[in-house]
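Below is one structure, written out as C-alpha cells; comments come after it.
The values are calculated or read from the model by the stated rules, or taken from the named source; none is laboratory data. Here the structure is a predicted model, which means the values were calculated and not measured. Counting neighbours? That spans all protein chains shown, and the Cβs are built from the backbone with ideal geometry, glycine included.
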Amino acid sequence: MTEMTDPRTRLRRTMMFVPGNNPKMINSADIYGADSLMFDVEDAITITEKDTARYLVANALKALQFHSETVVRINHPTQTPFGMDDLKIILPAKPNMIRLPKVEDISEVELVSNEIERVEKENNWPKGTINIIGAIESVKGLYNVQEICKHPRMMAIALGAEDFIANLKTQRTKTGIELYYARSEILMAARDAGIQCMDTVFSDINDMEGFDREVTNSRDMGFDGKSVIHPKQINEVHRIYTPNDNQLHHALKVLAAFEDSTKNHKGVLAVDGKMIDGPIVVRAKRVVNQAEAAGIDIEKKREEL
C-alpha cells in the first residue's frame, strides 16, 4: 500500500467488503482498484468459521503486498465473544485500520484503541500505525456519534444501514428517506471531528441505476465515499466522485483569481461575472484535491485554461 502522510485525508472513495473466509477473493481483491479493502470476519462469517477467517486474513496481510488500504472488520469486542480474539490475531498482521462494528459508546472505541496501543508498543511501531473506523448501526450509536468521532484514533465513521434500519423497525426504501436523518447526523459529527465519513452499502448489485442515484446523493450530501460489495460498483463510485472537466476548470479559475486577488490586494473577486467569496474558494480547493487524488494531471488542466 502507498504510504499516506495523514490517514484522515487519504482517498477513500470506495471501501470494498471482502469475505475473510474466502482465499480466492482475498488473493484477487487488490486488482479491482478499490481505495480500501475491508476484510470481513464479522457478519459475513458463520460462528464455525470465525477462527479460520481471522487466521486467513492475518496470514494474507503478512504475505501479500496490498496497494489498497487494508481494513479488517472485527466482531464487536463486548457484544460478542469473538472480538478480542480477532484483535489478538489480526493486529500483529498490521492492517491499516480496524473497523469497529455496531459502535455505541466511546468506551468500546477506547477498548480497541488500548489493545492497538499495546501491540504497537510490543512491535516498536509508531503510535497511530493502526487506526479505527467506526460503524454506526443503532440509534444509541447515533446519539453518541459526536463523542465517538472525536477519539484520536478514529479516522473515519460509517453508516451500517441494515442493522440501523432493523433497530428503527422499518425497511429500506429506494428513496432512502428512512436513513436521511442518520446520514446527516453522522456526516455532521465527522466534519466537526475532522474525520472522513463513508456511506453504507447498496446491496442490489443488479440495480446500477439505483446505485448511481444513491452514490450521487451521498456525494452531494458531502460523504467522502461509499462502502461497496461488488467489484463492478467500484468504477461507478470513482466516476461519480471524480470532478468532471467543467467542475475542475471552474475550480482552477476560482483559485487562480483568488491567488491574483491576494497577491495584488484586489478588493473584489469575480469569476465569469460572478462574485466569489471564502466558501466558494474552499469548495474549489476540495474539487482540485479530489481530482488530483484521482490521478488527474492538474498542471495540464491549468494549461488548458
| Taking ARG183 and the conditions (1) in contact with a Cys (Cβ under 7 Å, 6 or more places away or on another chain); (2) surrounded by fewer than 23 Cβ atoms within 10 Å (Cβ to Cβ); (3) not aliphatic (A, V, I, L, M), which numbered condition does it fall short on, given that it satisfies the others? | (1)
| said: From the list THR170, THR175, exactly one residue is surrounded by fewer than 19 Cβ atoms within 10 Å (Cβ to Cβ), free of Cβ contacts under 8 Å to residues at least 24 places away in the same chain, in contact with an Asp or Glu (Cβ under 6 Å, 6 or more places away or on another chain) and not assigned by TED's automatic domain parsing to the domain that holds ARG286. Which is it? | reply: THR170
| Regarding ASP260, is this residue in the same structural domain as TYR180 (by TED's automatic domain parsing) and over 16 Å from the mean Cα position of the chain (by Cα)? | no
| note | If we keep only residues of segment 42-95 that are in a helix (DSSP H, G or I) and among the hydroxyl-bearing types (Ser, Thr, Tyr), then the residue nearest to the chain's Cα centre (by Cα) is TYR55
| message | Return the residues of segment 251-284 that are out of contact with any strand residue (DSSP E or B) (no Cβ under 6 Å at 6 or more places or on another chain), part of a helix (DSSP H, G or I) and of a type in the set (Val, Ile, Thr); say none if nothing qualifies. | response | THR262, ILE280, VAL281, VAL282
| Does LEU61 count as surrounded by fewer than 23 Cβ atoms within 10 Å (Cβ to Cβ) and either on the phi > 0 side of the Ramachandran plot or touching a residue at least 12 places away in the same chain (Cβ under 8 Å) (or both)? | yes
| So which residues in segment 1-41 are outside any loop (DSSP other than H, G, I, E, B), among the hydrophobic types (A, V, I, L, M, F, W, C) and surrounded by 21 or more Cβ atoms within 10 Å (Cβ to Cβ), if there are any at all? | MET15, MET16, PHE17, VAL18, ILE26, ALA29, LEU37, MET38, PHE39
| request: Please work out which residue is nearest to PRO101 (Cα to Cα), limiting yourself to segment 68-88 and to residues that are of a type in the set (A, V, I, L, M, F, W, C) and free of Cβ contacts under 8 Å to residues at least 60 places away in the same chain. | output: ILE74
| remark: Here the residues within segment 265-305 that are of a type outside the set (Gly, Ala, Ser) and in contact (Cβ under 8 Å) with a residue 40 or more places away in the chain are VAL287, VAL288, GLN290, ILE296, ILE298, LYS301, ARG302, GLU304, LEU305
| said: Against the definition (under 27 Å from ARG13 (Cβ atoms) and under 19 Å from the mean Cα position of the chain (by Cα)), how does VAL109 come out, yes or no? | reply: yes
| Of the residues in segment 65-94, how many are out of contact with any Asp or Glu (no Cβ under 9 Å at 6 or more places or on another chain) and under 17 Å from PRO7 (Cα atoms)? | 3
| said: Where the second residue is in a loop (DSSP other than H, G, I, E, B) and aliphatic (A, V, I, L, M) and the first is in the same structural domain as ILE98 (by TED's automatic domain parsing) and lies in segment 149-166, which pairs have Cβ atoms under 6 Å and are six or more apart or on separate chains? | reply: CYS149/ILE195; MET154/ILE195; MET155/ILE195; ALA156/ILE195
